[in-house]
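Bear in mind these aren't lab numbers, they're just calculated from the coordinates by the rules spelled out. Given the structure is predicted, the values throughout are model-derived calculations rather than measurements. Note that each Cβ is placed from the backbone with ideal geometry, even for glycine, and that neighbours are counted across all protein chains shown.
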Amino acid sequence: MKAETIRTDITVVGGGLAGVCAAVAAARLGRTVALVQNRPVLVRDYRVEVCRGGEWTVLLRETDNRKRNRVHRLKQPVAAEQLRVVVESTAGLKHAQIIEIRVYE
């Protein structure tokens, strides 16, 4: 097991609805936040879609994902009204949570 030290203003234990809401609220107030979840469940297959002009288009599709932190770098910028991640399957459980999505310009 890899050990890593991270310094944050706030640590939220539990990645359920309340924990995610607390972490987001703290981050919006400018605090650095660590969200700790003890049940790692991977999203195995998913797709990222963007909405332009009311139409949803698949931007990318990931299958057989084995990474907890996945970074997608697009070749060109994408302008869209909305973005969504559609989970198609998990790594064994009936559900999985996507804790964080970061979009950079």
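General observations
- Filter result for ARG61 (surrounded by fewer than 10 Cβ atoms within 10 Å (Cβ to Cβ) and not small (Gly, Ala, Ser)): no
- Scan of region 76-90 for residues that are assigned to a loop (DSSP other than H, G, I, E, B) and loosely packed, with under 12 Cβ neighbours inside 10 Å, ordered by number: GLN76, PRO77, ALA79, GLU81
- Only listed residue being surrounded by fewer than 10 Cβ atoms within 10 Å (Cβ to Cβ), in contact (Cβ under 8 Å) with a residue 12 or more places away in the chain and out of contact with any Ser or Thr (no Cβ under 6 Å at 6 or more places or on another chain), chosen from LEU42, LEU93: LEU93
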